Protein chains: 2
Amino acid sequence: MRNDYPSRTGATPQITSRRDPVLYDSQWQNCPYGEDAARQFDEQGFCFFPELFSSEEVAALNREMQHIRQDKTLRQHEEVITEPGADDCVRTVFDIHLFSAAFGAVANDSRILDFVHFILNDDVYLHQSRLNYKPGFRGREFYWHSDFETWHVEDGMPRMRAVSVVLALRENFATNGPMLLVPGSHRQFVGCPGVTPRDHYKQSLKEQYFGTPDDKVLTDLISQCGIYSVTGPPGSVLFFDCNLMHGSSSNITPHPRSNAFFVFNAVSNRLVQPFGATVPRPEFIAHRQG
Amino acid sequence: MRNDYPSRTGATPQITSRRDPVLYDSQWQNCPYGEDAARQFDEQGFCFFPELFSSEEVAALNREMQHIRQDKTLRQHEEVITEPGADDCVRTVFDIHLFSAAFGAVANDSRILDFVHFILNDDVYLHQSRLNYKPGFRGREFYWHSDFETWHVEDGMPRMRAVSVVLALRENFATNGPMLLVPGSHRQFVGCPGVTPRDHYKQSLKEQYFGTPDDKVLTDLISQCGIYSVTGPPGSVLFFDCNLMHGSSSNITPHPRSNAFFVFNAVSNRLVQPFGATVPRPEFIAHRQG
């Protein structure tokens with residue numbers, strides 16, 4: 001299969017124009033949140049809806065999250081990732097839709113699925129789900145990256161036809177390491193320097209060193225596009241394109257920054273052999289059957 | 001000398017009420033920035049003045065900063081601290097008032113000194129000065145701390161009668177690791193767990209592990225007081241009490257967050273033997289003669 005999006009080839013990093021649509025349904029009047037939302041997603045690569053879920057719904061999900069985090073038997077699972085240097089500090093739980101019926105229901109909620117179907121204009125499946133619990137005091141940063149870059153190189157996602165949905169379980173303040181987006185960056189594919197080490201994922205889930213763009217490229221991109229800080233109350237939902245550049249700073253406040261992530265992929269865009277790694281990553285990170 | 005502010009004694013951390021004034025001149029009408037500024041400093045422990053220095057003044061200081069950072073011969077000096085894991089990335093330059101006449105002039109500027117004299121109501125000297133250049137992309141966090149806690153335990157500062165002045169050389173955005181203050185926290189002394197290792201300063205200037213409060217204390221303090229994020233354009237000046245709890249997150253943006261720090265101490269509050277360390281730290285970190 002031709003590789004339209006080369007990255008980590010060892011060569012000088014390249015910037016490639018996106019060769020895929022952003023919105024696969026060209027009839028913007030079909031957008032469940034209106035044409036303005038469609039236009040914003042197309043131009044900026046994301047839409048943010050404050051308090052799309054009610055405080056009662058979010059309270060129930062927070063209780064569910066606490067159960068999952070406190071369940072010591074779960075820490076033996078490879079789906080459960082702890083903070084670097086703190087094994088009792090759960091940072092991420094993958095496959096949250098399988099561990100929990102309540103989170104599974106979120107992934108099937110029409111407030112989420114209708115917009116996802118409009119964007120991808122295909123049947124969809126969950127490529128990945130996870131609970132990101134960025135703890136207070138010692139929540140580490142996630143460096144800048146495009147998810148698609150990783151999914152393409154390490155998992156074999158062929159095209160940019162996937163969308164991420166983030167449900168805020170706790171308030172995302174400006175000070176507790178909120179997601180930082182580069183609006184409009186989804187229209188360029190930023191190839192990354194270096195090559196992918198074997199079993200890279202075991203390290204990269206804790207700290208990211210490969211699959212990150214170089215300083216010059218980031219400086220140019222952010223001077224063009226700026227930075228949008230995703231802040232809002234619990235229950236807010238962010239939809240963002242798979243190729244949007246994003247990251248987050250550390251969290252030294254006492255306020256955990258907890259979000260549930262759901263990544264939907266079009267069935268026509270199922271994973272093939274990775275474009276830059278010899279061994280595909282495990283199913284819990286990148287579902288191949290879905 | 002009696003120790004009113006015990007910390008790092010190995011015992012359970014204590015919270016002690018402040019036993020020193022915040023404003024040493026009780027005639028608030030003497031405050032060069034007005035009685036409201038005096039009241040705010042007294043209650044909150046800080047005052048922030050946007051664009052107190054002009055853009056021309058700041059541009060000249062930025063040029064000076066670039067010279068200092070690019071001067072490779074300076075990197076041999078112990079006053080120059082690099083980022084953890086990146087020796088070519090200068091994070092802090094101490095004694096900036098001695099390395100540079102331009103920064104020395106800032107420390108003597110009446111816009112700064114008049115308020116400092118009002119707060120401390122004594123002759124003053126520079127306890128410490130430094131240039132904090134939090135670089136873009138890889139600027140690490142500073143964990144929560146009270147400067148006085150360190151100065152008392154490691155340097156032998158007897159009383160809370162010192163004030164820090166921060167001049168913003170670049171814009172401090174919400175996203176590039178701005179200083180986070182806990183308003184009102186200067187009225188309590190938060191003793192820290194642990195004891196101080198020998199030559200701790202060599203490590204603590206890069207990453208702070210000792211002299212930091214425990215989670216429970218921070219949670220209570222911040223739930224009472226909240227967090228103030230110090231954001232503003234270049235030329236803005238922050239005055240803050242030596243015992244104000246503060247910290248900052250990491251900086252993954254391309255925008256360096258550069259500030260010049262000047263700490264003024266009252267001559268009546270000169271350093272004595274450290275209250276919790278056997279060997280005082282070097283002069284460039286804590287001037288004993290001044």
How many residues of region B:155-165 are open to solvent by 10 Å² or more (accessible area, probe 1.4 Å) and either out of contact with any Pro (no Cβ under 9 Å at 6 or more places or on another chain) or assigned to a helix (DSSP H, G or I) (or both)? The answer is 2
Residue within region A:65-81 that is closer than 30 Å to A:V195 by Cβ and touching an Asp or Glu at 6+ places or on another chain (Cβ under 8 Å) present: yes
Which numbered condition in (1) in contact (Cβ under 8 Å) with a residue 40 or more places away in the chain; (2) open to solvent by 20 Å² or more (accessible area, probe 1.4 Å); (3) of a type in the set (A, V, I, L, M) is the only one that B:A101 fails? (1)
Please work out if A:H152 is within 14 Å of another protein chain (Cβ to nearest Cβ) and not in a loop (DSSP other than H, G, I, E, B). no
Test: A:P274 is in contact (Cβ under 8 Å) with a residue 60 or more places away in the chain, within 14 Å of chain B (Cβ to nearest Cβ) and open to solvent by less than 30 Å² (accessible area, probe 1.4 Å): no
Listed by range, strands (runs of 3 or more DSSP E) wholly within region B:1-120 having at least 1 residues that are hydroxyl-bearing (S, T, Y) and modelled with pLDDT under 95 are B:15-17, B:80-83, B:86-94
Consider only pairs whose beta carbons are under 8 Å apart and that are at least six residues apart or on different chains; among these, list those whose first residue lies in region A:125-141 and is at pLDDT 95 or above and whose second residue is of a type in the set (A, V, I, L, M) and open to solvent by 30 Å² or more (accessible area, probe 1.4 Å). A:Y125/A:V267; A:S129/A:L98
Restricting region B:211-225 to residues that are facing chain A (nearest Cβ under 10 Å) and surrounded by fewer than 18 Cβ atoms within 10 Å (Cβ to Cβ), the residue that is farthest from B:D155 (Cα to Cα): B:S223
Every residue in region A:130-144 that is surrounded by 20 or more Cβ atoms within 10 Å (Cβ to Cβ), of a type in the set (K, R) and within 14 Å of another protein chain (Cβ to nearest Cβ), please. A:K134, A:R140
Go through (1) touching a helix residue (DSSP H, G or I) at 6+ places or on another chain (Cβ under 7 Å); (2) closer than 22 Å to B:H152 by Cβ one by one and return the number of the condition B:V272 breaks. (1)
Residue satisfying condition, being surrounded by 18 or more Cβ atoms within 10 Å (Cβ to Cβ), in contact with a helix residue (DSSP H, G or I) (Cβ under 8 Å, 6 or more places away or on another chain) and farther than 30 Å from A:Y143 by Cβ, within set B:H117, B:H152, B:H127: B:H127
Go through region A:235-255 and give me each residue that's more than 11 Å from every other protein chain (Cβ to nearest Cβ) and either surrounded by fewer than 21 Cβ atoms within 10 Å (Cβ to Cβ) or in contact with a Pro (Cβ under 7 Å, 6 or more places away or on another chain) (or both). A:S236
Pick from A:Q14, A:Q44, A:Q29, A:Q40: which is free of Cβ contacts under 8 Å to residues at least 40 places away in the same chain and either surrounded by 18 or more Cβ atoms within 10 Å (Cβ to Cβ) or within 23 Å of the chain's Cα centre (by Cα) (or both)? A:Q40
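The values are calculated or read from the model by the stated rules, or taken from the named source; none is laboratory data. All values reported here derive from a predicted model rather than from experimental measurement. Cβ sites come from the backbone with ideal geometry, for glycine too, and all protein chains shown count toward neighbours. The area values use the complete protein model at the heavy-atom level, side chains included, leaving out ligands, DNA and RNA. Shrake-Rupley method; radii C 1.70, N 1.55, O 1.52, S 1.80 Å.
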